[in-house]
Structure formats: C-alpha cells, structure tokens
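Student: Let me begin by handing over the structure; questions about it come next.
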Amino acid sequence: MKQVLSQQEIDSLLNALNTGEINPEEIKEEEEKNKVRAYDFRRPIKLSKEYVNTLYMIFESFAKSASNVLSTMVRNNVNMTLGAVEQISFDEFVHSIPNPTIMGVFHSEPLSGNQIMEINPQFGTQVVELLCGGAKAKEKKGPKKEKFTDIELGIVEDVMGNLLKVFKSSWSEIMELEPELDNLETNPQLVQSMSPNEPVILISFVVEIFETKSFINICIPYVSFENITDKLSIRSWFDMGKTFEDYKYKDQIAERLVTTDVELKVEMGKTILTVDDFLHLETGDIVQLDMKTDHPMKLYVEDKVHYLVQPGLYKDKMAVQVLQYVEEDVEI
C-alpha cells in the first residue's frame with residue numbers, strides 16, 4: 001500500500017468500513033501479527049537503531065574525508081559514499097567478498113578486538129596503476145586480478161594507512177582512537193581474527209573513479225562497541241559542557257579570550273563629501289554628520305556593532321561610556 005492515499009482511495013475505504021466489508025478488529029489483529037518477526041540466532045542484532053544512526057553519522061563523515069584524501073593521492077576525482085551499515089556474522093562477511101582481495105587487519109586503542117578494512121581488488125588495482133603513472137586505470141573494465149605483488153601491497157598499505165588516519169579523525173567527536181595496521185591479507189579465508197559466528201558491524205562504501213564503481217568495507221566486531229555504547233548515544237554525543245574536561249577547556253578558552261587584542265571603533269556619524277569639498281577642508285571647518293548630538297554613538301568590535309555609547313572625558317582623555325549592549329538580531 002502507498003504511504004499516501006488518494007481521495008478516491010480514502011472514500012472507498014470509508015465506504016467499506018461503513019458497509020461492514022472491512023472489519024476494524026480484523027485489521028488490528030493483522031497489524032499485531034505483522035509485528036512479529038522471526039529471529040535468527042546466528043545473526044543476533046546487538047546494536048539498537050539509535051546506535052546505528054550514530055554510526056551512520058560517523059561514517060558519512062569518514063566517506064567525505066576519504067574522498068578528498070583518495071582524490072589528492074591519485075590526482076583524480078574519487079567519489080566515496082556510504083552504502084549501508086549492517087549487522088551480520090563474520091562468516092557472512094567473509095563469504096561476501098571476492099578472493100583474492102585486500103584486507104587490512106588493524107586495531108584501534110582503546111577499542112577491543114581487531115577491525116578489518118577491505119578494499120575491492122578492482123579499486124585497489126586502479127589506485128596502484130594511477131599512483132605508478134599507468135594509463136590502464138582509466139579503463140572501465142580490466143582482467144581479473146589473480147595475485148598482488150609485494151610492491152603492489154606496499155603501495156596499497158600506504159593508501160590504507162591514510163584511510164586509517166581519516167578513520168581516526170571521523171571518530172574524534174566520540175572518542176580518541178589510535179588505529180594501527182597490523183597486517184595485510186589477500187585471502188579472506190586466512191583471516192582468523194574472529195570466530196565465524198561472531199556478530200560484526202559491516203560498513204559498506206561505494207567508491208567511484210572514472211565512472212567505475214567498486215567497494216570498500218569496514219568490518220568491526222560487536223566486542224569493540226561493548227564498552228562504548230553509552231558514547232554512541234545521540235544525546236550523549238551532543239551533550240555539551242558537563243564533564244570536567246569540558247569545563248577545563250572552557251576556562252582555558254575564556255582565559256585566552258581575555259588577553260586577546262581586539263579592535264574597537266566608535267562611529268560618531270556619517271556624511272557625504274565631494275572631492276572638491278574634501279580638498280578644501282581646513283582646520284576649524286565644521287562637517288555636518290547624519291546623527292544628532294543627543295543620540296548615542298555606535299561602538300564597533302572587530303567591525304560589528306556591539307554597544308551604544310556616549311562620548312566624554314576620563315582622566316583628561318577622550319573616552320566613551322557604554323549605555324546599552326546591542327543584540328545581534330536588533331536593527332539600529
């Protein structure tokens with residue numbers, strides 16, 4: 001059924017309810033039945049929808065930054081977008097990727113367990129050829145890669161190292177991570193860092209270069225999130241100024257702001273002079289401004305009006321007295 005019904009469909013539905021063709025109780029029972037879902041214990045869902053939404057935000061930021069990093073490295077436009085965030089078993093992940101492929105096993109303190117970044121062999125080959133100055137990277141299709149040489153793996157290792165730096169920065173709003181690459185594997189079956197039935201979070205990215213689309217996957221076991229689920233809460237993420245560290249930084253910022261030099265400027269009024277009048281100005285001439293003497297003047301802080309003031313003398317020096325603070329949305 002469509003989410004929005006037409007007027008004709010609404011009228012038909014109301015007529016069916018009035019004539020008794022449709023029983024509201026049966027509809028209610030059907031809805032209750034539809035709420036029941038089969039649960040597969042081999043694919044346990046560990047993270048709530050709220051936590052998954054937070055991961056979406058983290059890895060959307062990762063995708064944008066990674067696009068810039070990869071584009072800079074290969075000197076060509078690389079577009080990387082977040083595809084999906086799924087909760088599956090590690091065995092399903094291993095069987096969903098090609099063999100050979102490029103799998104980087106890494107750990108990120110203080111997260112528990114190992115994480116995996118998998119680069120599709122097609123994209124890996126394109127990146128290697130571009131970094132080596134090859135032209136075949138512009139072809140939409142090429143022969144299937146059967147094996148990666150040590151030199152190719154060394155190049156991809158540098159690429160993955162830069163992606164791990166992006167991984168670190170994308171988590172900076174949640175917590176400070178220190179990702180470190182442990183080793184590279186090309187055969188998924190040889191990666192034994194997790195048990196086959198262990199639940200994992202699979203983050204899939206679509207990478208497009210030269211109109212050719214391929215994939216990059218990040219596999220994170222649920223054990224990595226066990227001790228940080230409170231930090232994945234949206235409310236916790238956006239809750240500002242409640243920790244000791246926040247107050248400490250607030251005091252440091254306030255202290256530095258007090259000693260910061262700013263430009264103050266008082267505007268007495270405005271007028272328009274012709275070039276001829278300006279050239280003939282002499283000492284003692286009176287220039288008429290557009291402001292009355294009993295009206296307050298404007299005090300600018302870094303070219304923005306913040307106060308209304310009146311002129312005067314303080315210790316035999318010209319000064320101004322603040323009369324009123326000007327709100328940002330107030331027109332004066």
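Student: Could you sort the peptides 306-314, 220-228, 272-280 by per-residue average Cβ neighbour count (10 Å cutoff), highest mean leading?
Tutor: Per-residue mean Cβ counts within 10 Å order the peptides as 220-228, 306-314, 272-280.
Student: Per residue, what volume in Å³ does the Cα convex hull of the range 45-180 take up?
Tutor: Dividing the Cα hull volume of the range 45-180 by its residue count gives 123 Å³.
Student: Contour minus end-to-end for residue 254 and residue 230, with contour as 0.36 nm per residue of separation and end-to-end as the Cα-Cα distance?
Tutor: 5.7 nm
Student: Using the structure shown, list the pairs from 270/304; 64/213; 64/147; 168/250; 250/298 with a Cα-Cα distance above 21 Å, or answer none.
Tutor: Violating the 21 Å limit, Cα to Cα: 64/147; 168/250; 250/298.
Student: At 1.4 Å probe size, what's the solvent-accessible area of residue 73? Round to the nearest 10 Å².
Tutor: Rounded to the nearest 10, the figure is 50 Å².
Student: Amide H neighbours of residue 307 under 5 Å, at least 5 residues apart or on other chains, H built in the peptide plane: list them.
Tutor: Amide H neighbours of residue 307: 299, 326.
Student: Right, here's the next one. Could you tell me the extents of the range 164-226's C-alpha atoms along the three principal axes, largest first, rounded to whole Å?
Tutor: Between the extreme Cα coordinates on each principal axis of the range 164-226 lie 39, 34, 21 Å.
Student: Further, regarding this structure: Sorted by average packing, counted as other Cβ atoms within 10 angstrom per residue and highest first, what order do 290-296, 156-162 take? Spell out each step's value before the answer.
Tutor: Details: 290-296: 10.4, 156-162: 17.0.
Ranking, from highest mean packing down: 156-162, 290-296.
The values are calculated or read from the model by the stated rules, or taken from the named source; none is laboratory data. All of these numbers come straight from a predicted model, not from anything done at the bench. Backbone-built Cβ (ideal geometry, glycine too); neighbour counts: all protein chains shown. The accessibility values were calculated without ligands, DNA or RNA, using every heavy atom of the protein model including side chains. Shrake-Rupley method; radii C 1.70, N 1.55, O 1.52, S 1.80 Å.
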